[in-house]
Each structure stands twice: as structure tokens, then as C-alpha cells.
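A short reminder: the numbers here are calculations on the coordinates, not readings from a lab. If you're wondering where the values come from, they're calculated on a predicted model, not measured in any experiment. Here the Cβ positions follow ideal geometry from the backbone for every residue, glycine too, while neighbour counts run over all protein chains shown.
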Amino acid sequence: MLENSVEKKTRRRNPDRPYTFLLPYLLLFTIFIVIPVITAMVLSLTNFNGLQMPKFIGLKNYVNLITNDDVFMQHVLPNTILFSLIVGPGGYILSFLLAWMLAQIPKLPRTVLALLIYSPSMTTGIAMTVVWTVIFSGDQTGYLNNILMQLGLIFSPIQWLQSPQYLMPIMIVVSLWSSMGLGFLAMLAGVLNIDPTLYEAAYVDGIRNKFQEIIYITIPSMRPQMVFGAVMAVVNTFQNAAIGVLLSGSNPTPNYAGQLLVNHIEDYGIIRYEMGYASAVSVVTLLLVYGISRLAWRIFGEND
Amino acid sequence: MDKKPTVDNVSYTMAENRKPIILVLLVLLAISSIAVADTPYSAWTINSDGKRVLTQIPYYPAGMITGDFAGPQDIFIDALGNIYIADAWNSRIVIMDKNGANVRYIGQDVLIEPTGVFVDEFGRIYVADYGSEQVYVFEKDGNVLKTFERPTSPLFGRNSKFKPQKLVVDKRGNVYVISEGSVDGVIQLNNDGEFLGYFGVNTTNLGILQVLQRMFYTESQISQLFKITPPSPDNIAIDRNSIIYTYTRNAADQNVKKLNVAGLDTLEKGKRFFPNGADITVDKNGNIFVVDDMGYIYEYDNFGDLLFVFGRKADDTLRLGQLRSPSGIAVDDEGTLYVLDKELNSITVFKPTVYANQVHEGLILYNQGLYVESQKNWENVLRMNSNFLLAHKAIGKAYYKQQEYDKALEEFRISKDKKEYSNAFWEIRQAYLMENAGNFIILFIVLWLIYRILRFFDRKYNTFHTIKAGFKRFFSIRLVNDLNKVFSFIAHPIDSFYDLKWENRPGPIAATILYILLFLVQVFKIYYTGFIFNNVDLANVSLLSESLKLYIPIILWVVMNYLVGNISDGEGRLKDLYVGTAYAFSPYIVFTIPLVLLSNVLTLNEAFIYQLGSVGIIFWCVVLIYTMIMQVHDYSFFGTLKNILVTLFAMLIVGLVAFILYVVWNQVYAFIYDIVQEVITRV
């Protein structure tokens with residue numbers, strides 16, 4: 001009784017104690033996330049070149065984006081949709097399958113392989129220069145050109161990374177290769193965490209093969225990790241966007257073939273110094289990512 | 001296109017175009033072709049579907065120049081209009097003016113069997129002498145200036161033969177020689193006869209087998225293989241800008257090549273040419289002419305697209321304009337064609353008609369990008385031949401340039417140019433969006449608000465209770481409920497097929513309705529897919545054949561799968577398979593109509609959305625069929641695969657048997673018919 005009242009007293013005396021503990025995180029989150037996002041939203045309503053005072057112009061940037069920006073409508077938007085439609089779900093499915101397969105093997109090789117599969121997503125920039133630009137090099141010493149020429153399938157080297165028709169497929173391949181990131185690790189943990197007795201019970205109930213195992217046990221039991229993986233896949237897809245510029249070595253990419261939303265933002269913000277317009281594009285990107293993440297929640301979080 | 005063109009089977013494809021205006025023009029065309037009906041040949045062009053379409057006569061035979069030739073092999077016309085002929089069997093070059101008068105001969109003493117002749121801008125005459133294996137250069141007056149023998153350079157190749165057949169000379173004085181059997185390409189010599197290199201080599205096409213061989217054989221094994229050599233070029237021409245054109249017989253899709261300085265083909269890949277050409281020439285505007293063994297003359301524009309074909313092989317009654325064995329073709333600056341015939345030993349002169357002239361004038365402007373200026377010419381062309389696709393395309397481009405996108409769209413639709421159509425449509429759509437985007441957003445917000453308000457009232461006062469109850473009653477009708485199950489089949493295939501097997505829901509009536517819906521969806525797809533994505537020629541669609549194409553495989557599939565399942569431990573009943581197959585098409589039935597509607601507002605920029613959608617639908621249908629077999633027959637994963645493969649094989653066999661029966665039945669029918677005829681006539 002007495003203890004209880006003391007406790008109440010202390011609580012009353014320090015009603016905002018939880019916030020004290022949260023303060024470091026809140027502070028950092030506000031400074032590095034909330035303020036920049038709000039700034040971008042405000043800047044997107046202005047004409048700002050990075051030097052002079054921003055001039056308020058209302059929604060004009062957004063109107064221009066939809067009605068006047070042919071590059072955006074003809075190249076950037078279709079490219080982004082194509083890229084994210086394939087790389088998002090594709091990387092997601094790959095992550096799940098690999099995680100599931102890794103879960104079937106003993107611990108040591110699993111750890112080594114998981115590290116190997118995870119590493120491309122951390123080292124994209126280096127791997128790009130060491131591996132992919134060498135493979136897709138545009139002269140006859142490039143691996144792909146050399147092999148194709150030796151087989152007699154092509155007669156002169158193809159400029160893989162500079163040709164509009166090849167850049168996008170290459171970007172997709174490379175992105176899929178490096179899409180086993182955090183989502184993959186989460187899923188691996190999810191698969192490993194499933195109680196093996198569930199499987200045994202399912203076999204007693206009449207499940208007969210691995211396929212049914214996945215459908216009836218594995219996926220339902222790791223729903224939280226699946227949602228996390230999906231959201232990470234969406235975010236990754238939009239972040240990965242620099243890949244076209246990395247591969248082709250130029251922004252804008254040849255004929256805008258690999259131009260994605262983030263490249264468009266960089267093009268306007270960092271190259272042309274039209275910060276206001278770039279902010280408008282980033283706000284649109286933010287809304288897109290948010291919308292798709294909501295959709296992912298809807299799909300994978302439905303029955304919970 | 002590989003078929004030998006004979007005039008008799010030229011189909012009047014334009015009649016299939018169901019537009020009254022075109023019919024009227026067709027009549028006009030028929031009348032106007034009477035005016036030139038004295039030409040002993042007809043002319044046609046290839047439309048976008050690769051079919052032959054009759055067209056106006058582009059060239060009429062204007063005369064024949066006969067001379068004292070024997071087996072002439074090549075003809076050349078210089079800037080002044082003088083004609084040079086390689087008179088092979090008489091071992092000389094014949095020179096005459098454009099009317100065939102003022103005949104001179106040169107090289108009578110030196111030449112053995114001249115097969116190619118060329119005159120440069122200084123009047124020097126280059127002759128490829130196949131007989132003496134040398135190239136001769138004559139002065140204007142006929143004195144030998146130089147002779148080029150087989151190059152001694154090691155680069156020429158130790159065993160390469162020098163058998164000059166044809167030659168051209170570029171502005172720098174380099175000589176390009178076609179040598180018989182030269183698989184390395186055209187021999188390029190400088191003006192002193194020194195070997196510069198091989199030029200414009202053809203490529204070999206490797207089959208899958210050769211690629212596999214190269215992949216897995218060791219080097220010594222590869223060296224033992226029979227060497228594949230590329231075909232050697234057969235004829236050559238040069239235009240004003242020293243661009244070289246070669247013709248190679250029977251070289252798949254590289255018959256005509258337009259070579260740049262580096263010897264690379266600059267024509268777009270995938271252009272198709274007729275394979276039996278005898279000679280090639282280029283006029284001053286870059287149009288390419290080829291004459292072939294059958295006496296047909298082909299004219300291509302400078303992108304390698306066919307403009308017209310005309311001509312006919314001579315029959316017993318030789319008429320002016322018919323050819324027997326053409327060996328050379330040349331064109332002068334006025335566009336007059338001179339075709340040399342080595343069997344008739346004569347030159348036939350063809351002059352362009354008004355129609356061809358309009359086309360040519362239009363082309364000159366069009367190639368310079370002056371679409372608007374060329375519009376008048378093309379309209380004249382269309383007045384004479386409304387089916388000339390290039391004219392529609394050019395007029396469309398003119399409208400496009402003048403920002404009259406609606407008109408441009410219509411022209412591109414006629415010329416079936418999907419890329420240009422897509423561009424014009426993009427502009428129209430963009431303008432529409434700019435005008436209406438605001439309204440759409442407002443409409444969307446208003447609808448959303450209405451929805452929220454209605455939902456609020458419904459939750460609070462249960463306003464729509466009766467309507468909801470009505471819906472509930474409606475969906476509890478057994479048939480409606482069954483039909484509504486397509487959605488659960490799409491979302492939860494395994495459970496749904498399990499229910500199908502063990503609870504007999506949905507039933508066969510719903511399945512039958514689905515089969516009918518499937519056909520309706522198919523018809524909708526054929527008729528309403530947007531122009532850019534529609535590859536079906538509506539004129540050739542017949543509903544009966546479409547329904548047969550759809551239902552016969554399905555019936556075969558259901559029956560055969562039932563039989564195959566019966567003999568391999570399948571548990572499925574015929575009814576399960578019938579209903580299951582119908583529901584396996586659920587994604588197709590549900591999603592095709594939205595996709596088709598979408599295809600009407602997409603351009604090529606967003607084509608992948610449509611393609612992804614189509615592929616996705618088919619993929620999900622396949623998954624459903626697989627799941628269906630697995631559940632209904634209670635098979636394992638690989639058992640299902642086996643069952644499906646065996647079923648497909650059985651379907652193939654049934655198809656074969658049906659075909660054999662059909663053939664046999666035809667025989668029987670013909671036999672009985674003959675007997676009846678016999679009896680009728682004899683008795």
C-alpha cells in the first residue's frame with residue numbers, strides 16, 4: 001500500500017520521464033528526418049536555385065511536373081514503374097526463396113552463404129566497378145562481348161552500357177543480384193524461428209510435400225518478416241535508382257533509357273540547381289513509396 | 001515473300017479493306033489502270049502485312065535498243081546519258097548515246113570476256129575482264145591506260161583467286177571489284193591497282209548446332225568441322241556520295257547491303273529483299289533498283305523499303321516490256337531505266353509514269369525531312385493509289401509536324417505505323433490530360449467524400465440495410481455464388497480446387513457459363529484491343545473459326561486428361577475436369593477486359609504494362625491449371641507434370657488422327673463423286 005503510493009507519487013512528480021529516455025532518438029529523428037522532409041515539402045512550393053532567397057510560387061512545380069516535363073512523363077515515370085514492378089516483387093520472391101533454401105542446410109554453410117548473398121547489397125558501388133562494368137564492357141575485351149563473339153553470335157562488340165535498349169535490362173539484372181538486403185536477413189531469421197513442431201503437426205494432418213509446407217506453414221508463420229521484407233523491397237527499389245547512372249557513367253543516362261525518379265531529382269537538384277523543382281519530385285517520390293508500402297501492408301498484413 | 005511472284009495469284013487485298021472510300025478509289029484505280037493496260041505486266045507493292053497489293057504501273061516500256069551484242073553482261077550510263085555495255089562474247093565494250101545511235105566499240109583487241117563496266121567522272125572506262133582475269137582502265141578514246149592484275153599483297157591471301165566480274169569506282173579513285181567466289185567480300189584496290197583490303201564481307205548465320213559445337217568442342221575438333229563460308233557478293237553499285245551497294249543472291253536477309261566507308265551495312269536489320277537479283281543500281285536520289293532472273297524489277301527507297309515491283313518474264317509471244325534473261329540494269333538522271341537482256345541481246349527502256357514521278361518527288365523531300373513540303377506530292381500519289389502506305393505515313397508526319405495530331409493519327413492508322421501512331425497518340429493524350437487533370441482530381445475527391453459520407457450514414461443509421469440485404473440474397477443464389485467463385489479461385493487456388501473436388505461446388509452450369517464468357521472475352525479482346533497492341537487483321541477474323549480455335553483444344557484437353565488420368569491413378573471425374581478447367585481460366589476472364597480497355601490509352605512508352613499484364617494473366621492461368629490437375633487427380637508435383645505432358649501428347653495424336661481421317665474422307669468423297677459423275681455421263 002505504502003509502496004504503491006510512493007510509486008504513484010514519483011510517477012506524478014516525473015510524468016515525462018519516458019520522453020527523457022526517448023529524447024536522444026527523437027532529437028536525431030527530428031533533426032535528420034522530420035526537418036529535412038518538411039523543408040523539402042516547403043521548398044517544393046518555391047522557386048529556389050540554392051543561392052538566392054526561395055520565391056514562393058504555389059503548386060506551380062507540381063503542375064509543371066505533370067504537364068510540362070516530357071522527360072518525366074515519357075521516360076522517367078515508365079522506367080520507374082517497369083523497374084520497380086520487376087525488381088520489387090522479383091527481389092522479394094528471390095529473397096524469400098533463398099532464405100527458405102538456406103534454412104534447409106546446416107548452420108556453418110548457411111552462415112557463410114548468407115554472408116555471401118547479403119554482401120552485394122552492401123557493396124553495390126564497388127561491385128559495380130569491379131564486376132559488372134567489366135562484364136558489360138563495350139569493347140571486345142568485355143567478358144560478355146568476348147564470349148558472344150567467340151560463339152559467333154555477334155560480329156562486332158555491343159556497347160552494352162551505352163545502348164538505350166540494353167541499359168534497362170542490365171540495370172534490372174544487377175539490381176536483382178544486389179536485392180538480398182535487410183529484408184533477406186529478416187526472412188532468414190523468420191524461417192529459422194518457426195517452431196519445427198508445427199511442421200510435424202502439419203505432416204500428421206496430411207501435408208505431404210515441401211510445397212504445401214511453404215504455403216500452409218512457412219508463409220503464415222512468418223508474416224511480420226514478410227511485411228518487413230516487402231516494405232524494404234519497395235524502399236530499396238527506389239533507393240537503388242542510382243544504378244543506371246553508376247553503370248552508364250552519366251546522368252542523364254543515354255537517351256534517358258535508365259532514368260529513374262532519383263536520377264531525375266539529382267539531375268534537377270544537383271546538376272541544374274533547380275532545388276524547388278527537385279523538391280517537388282522528391283515529395284512525389286515520397287508519396288509513391290508511402291503509397292506502395294501501405295499497399296504492401298494491406299496485402300501481407302491482412303488477416304492479423 | 002519467297003514465293004516466285006506470278007501475276008495470276010496476286011490477291012486484291014485492298015478489297016478486303018472495308019471502307020467505302022477505298023472502294024470508290026479502287027474503282028478509280030481500276031479505270032486508271034485501263035489507261036495503261038497496254039503494258040504487258042502488272043505492278044504491285046507489299047503492304048504492312050507482307051501481302052502483295054496491286055498498284056499503279058510505275059514504269060511503262062518506252063522502247064527497245066537493239067545492237068550487235070552477244071551475251072551482254074553489264075550496262076552503265078554516264079552523266080551525259082551515254083550507254084556503255086560489256087559485250088562479253090564479242091569481247092568488247094559498246095558505247096552509244098541514249099537513243100542507241102553513234103555506236104563506238106573499244107577494247108576489241110585486248111578484252112577476252114568483259115563482264116563489268118564502269119565510267120568515272122573523267123570519262124575513264126573501267127572494265128572487269130573475267131576472261132583474262134584483269135581489270136582494264138581505258139582512256140576516253142579507247143587506249144589502255146592501266147591494267148590491274150591479281151594483287152600480290154600477302155593480305156590478299158595466297159590462295160584467293162582474282163576473277164573480276166563487276167566493278168565500281170568511287171570519287172577518290174578506289175576501285176571496288178566483285179570477284180567470283182570471293183567469300184572475303186569486295187576487293188578494294190587503289191587507283192594504281194594496289195590491294196587496300198576486303199570490303200563489306202557478308203556474314204554467316206550460325207545455327208543452334210554450330211553454336212553448341214563452338215561452345216563444347218575443343219579447338220582441334222572445331223578445325224575439323226566443315227568450314228562455313230559466307231556467300232560472296234554478286235553485284236555492286238555506287239551512288240553519288242560514293243556509298244557502295246552490294247547484291248548477294250540467296251543470302252538470307254542480307255541480299256541488298258548499303259555499305260558505309262567502314263564496310264558496314266547501314267540498312268536497318270530485318271528488311272527483306274527478293275533473293276534472285278541479277279543486277280543492282282542506284283539512282284541519283286538513292287532509290288535502289290534490282291532486276292531479277294524472272295524479269296521482275298524491284299524499286300526500293302533509300303531505307304531499303306520496297307516501293308514497287310513490276311515486270312514479267314517473257315512468254316512465247318514476246319511483247320515490249322517483257323524480259324527473258326536480264327543481266328544488267330542502269331538508271332539515268334531523268335529516272336529512265338535501261339534493262340539489259342543477255343538472251344534477247346537488247347536493252348529495254350522503261351520510263352517512269354506520272355505516278356512514279358510523284359512518288360520520287362515526294363521521296364526527295366521526305367528524305368530531307370521536309371514532310372510538310374512533300375505533302376502535296378503524296379496527296380497526288382494517293383489520288384492515284386489510295387493504298388500506298390508510305391504516302392499515308394509521310395502525310396501523317398506532315399500533320400504531326402504541323403501539330404495536327406488527330407489527322408496524323410488517322411494517317412498512321414492507315415499506314416499501320418505503330419511507332420508513329422504511338423507518338424501522335426501520346427501528344428493527344430498529353431493535351432487531354434493537361435486540360436482535364438484538374439477535373440479528374442476534383443472528381444476523385446468528390447467521389448471519395450461521397451463514399452465516406454455514405455459510409456458514415458450507413459454505420460450510424462444503417463441506411464442501406466435493404467440494399468445490402470438484397471445483395472446478400474442475390475449472392476446467395478447458387479448460380480451467382482458459383483460464378484462469384486472465380487475470385488476465390490484466383491486468390492486461393494489450392495483451397496478452391498479442394499472444395500471443387502470434395503464439395504462439388506461450383507457446378508457444371510456455372511462452368512458452362514464461364515466457357516461462354518471466355519469466348520465473349522476473347523472476341524472483345526480481338527475487336528477492342530488498342531491499335532498499338534492489336535496484331536490481328538480484323539478483315540480476316542471469323543467468329544466461327546475463333547470459337548473453334550478456342551473450344552476444340554479445351555474439349556480435347558478435358559476429355560484426354562480424363563482418359564489419361566483414368567489409366568494413371570488419377571482420381572478426377574470428367575465433371576471435375578470440366579468445371580476445373582473453366583475456373584482455371586478465371587484470371588483470363590476477369591482481367592482481360594480491364595487490360596484491353598487499358599491498351600486503348602497506353603502508348604509504346606508504357607507498352608510493358610500491357611505486356612506484363614498479358615504475361616501475368618497467362619502465367620496465373622497456367623499455375624491454376626497445374627494446381628487443378630494436382631488437386632483433382634491427387635497427384636504429386638512431378639506426377640502432375642507427367643500427366644500434363646502425356647495429355648498434351650495425346651491431344652497431338654488425336655489431332656493427327658483427325659487430320660488423317662479428314663484427308664482419307666476427302667479421298668473417299670472424291671472417289672464417290674467421280675463414280676456418280678461417271679454414271680451420270682455414261683448412263
Margin query: Output wanted: per-residue J couplings in Hz (rounded whole) for the stretch B:573-581, from phi through Karplus 6.51 cos²θ - 1.76 cosθ + 1.60, θ = phi - 60°, x for Gly and Pro.
Written below: 8, 4, 5, 4, 5, 4, 5, x, 4
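What helices does chain A have that are whole DSSP H segments, at least 30 Å long along their own axis by Cα, and with mean Kyte-Doolittle hydropathy of -1.0 or more?
Values: long enough: A:77-103 (38 Å, 1.59); A:275-300 (37 Å, 1.33).
The answer, listed by residue number, is A:77-103, A:275-300.
Using a 10 Å cut-off on Cβ atoms, rank the peptides B:177-190, A:201-214 from the highest mean neighbour count down. Each step should come with its number before you reach the end.
Details: B:177-190: 20.3, A:201-214: 12.3.
Top to bottom by mean Cβ count within 10 Å: B:177-190, A:201-214.
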Notebook entry, point to check: Taking R0 as 30 Å, what's the FRET efficiency between B:Ala79 and B:Leu320 from their Cβ-Cβ distance, rounded to 0.05?
Noted result: 0.65
Item checked: Dipole in debye (nearest 20) - the protein assembly as shown, about Cα centre, beta carbon charges: Lys, Arg +1; Asp, Glu -1 -> 4200
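Taking the Cβ of each residue in B:Met630, A:Met53 as the centre, tally the other Cβ atoms inside 10 Å and list the residues starting with the fewest.
Working: B:Met630 21, A:Met53 9.
Final ranking by Cβ density, sparse to dense: A:Met53, B:Met630.
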Margin query: If you average the alpha carbon positions of the stretch A:18-34 and of the stretch B:152-170, how far apart do those two centres end up, in angstrom?
Written below: 82
Checklist line | Test item: Cα-centred dipole of chain B, Lys/Arg +1 and Asp/Glu -1 on Cβ, debye | finding: 3060
Next item on the list: Positive end of the charge dipole of the stretch B:477-666 (Lys, Arg +1 and Asp, Glu -1 on Cβ, about the Cα centre): tell me which of B:Asn535, B:Leu595, B:Val521 has its Cα farthest that way.
Entry: B:Val521
Note to self: Net charge within 12 Å of B:Lys98 by Cβ-Cβ distance, Lys/Arg positive one each and Asp/Glu negative one each, not counting B:Lys98 itself?
What the structure shows: -4
Notebook entry, point to check: Each residue of the stretch B:258-265 in order: what ³J(HN,Hα) in whole Hz does its phi give by Karplus 6.51 cos²θ - 1.76 cosθ + 1.60, θ = phi - 60°, with x for Gly and Pro?
Noted result: 10, 9, 7, 4, 7, x, 9, 6
Margin query: Using each residue's phi in the stretch B:432-440, evaluate 6.51 cos²θ - 1.76 cosθ + 1.60 at θ = phi - 60° and report the 3J(HN,Hα) Karplus result to the nearest Hz, with x for Gly and Pro.
Written below: 4, 5, 4, 6, 10, 4, x, 4, 4
Next item on the list: Averaging sequence separations of C-alpha pairs under 8 Å and six or more residues apart, then dividing by the length of the stretch A:68-155, give the relative contact order as a whole percent.
Entry: 9
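Nearest 20 debye, what's the magnitude of the dipole of the stretch A:70-300 about its Cα centre given +1 on Lys and Arg Cβ and -1 on Asp and Glu Cβ?
Working: 8 positive and 9 negative charges, 80 e Å.
Dipole magnitude for the stretch A:70-300 comes out near 380 debye.
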Next item on the list: Report, by chain and number, residues whose modeled amide H sits under 5 Å from the one on B:Lys163, excluding near sequence neighbours (fewer than 5 apart, same chain).
Entry: B:Glu180
Checklist line | Non-local Lys pairs in the stretch B:477-666, i.e. 8 or more apart or on different chains, that have alpha carbons under 20 Å apart | finding: 4
Note to self: Starting from 0.36 nm per residue, how many nanometres of slack lie between A:Thr20 and A:Ile105 once their C-alpha separation is accounted for?
What the structure shows: 26.0 nm
Next item on the list: Return the Cα extents of chain B along principal axes one, two and three, sorted largest first, each rounded to a whole Å.
Entry: 109, 76, 63
Next item on the list: Collect residues whose amide H, placed 1.01 Å from N in the peptide plane, falls under 5 Å from the amide H of B:Glu571; neighbours closer than 5 in sequence don't count.
Entry: B:His633, B:Asp634
Notebook entry, point to check: Most mobile of A:Arg272, A:Arg110, A:Arg17 per a Gaussian network model of chain A (Cα springs, under 10 Å)?
Noted result: A:Arg17
Note to self: Please give the Cα centre distance for the stretch B:186-244 versus the stretch B:513-530, rounded to the nearest Å.
What the structure shows: 51
Margin query: Need one number: the % of Cα-Cα pairs in the protein assembly as shown sitting beyond the 36 Å mark.
Written below: 69
Notebook entry, point to check: Once amide H atoms are built 1.01 Å from N in the peptide plane, which residues 5 or more positions from B:Asp253, or in another chain, come under 5 Å H to H?
Noted result: B:Phe273
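In square nanometres and to one decimal, what's the mean projected area of the convex hull around the Cα atoms of the stretch B:477-666? Don't jump to the answer; show the numbers that get you there.
Details: hull surface 50.7 nm².
If I average the Cα hull's projected area over directions, I get 12.7 nm².
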Next item on the list: Positive end of the charge dipole of the stretch B:134-222 (Lys, Arg +1 and Asp, Glu -1 on Cβ, about the Cα centre): tell me which of B:Leu155, B:Thr204, B:Ser182 has its Cα farthest that way.
Entry: B:Thr204
Check: How do B:Tyr405, B:Tyr527 line up, fewest other C-beta atoms within 10 Å first?
Finding: B:Tyr527, B:Tyr405
Checklist line | Neighbour-count ranking [beta-carbon atoms within 10 angstrom, fewest first] of B:Val446, A:Val71 | finding: B:Val446, A:Val71
Next item on the list: Just report the Cα centroid separation between the stretch B:638-683 and the stretch B:124-139, whole Å.
Entry: 64
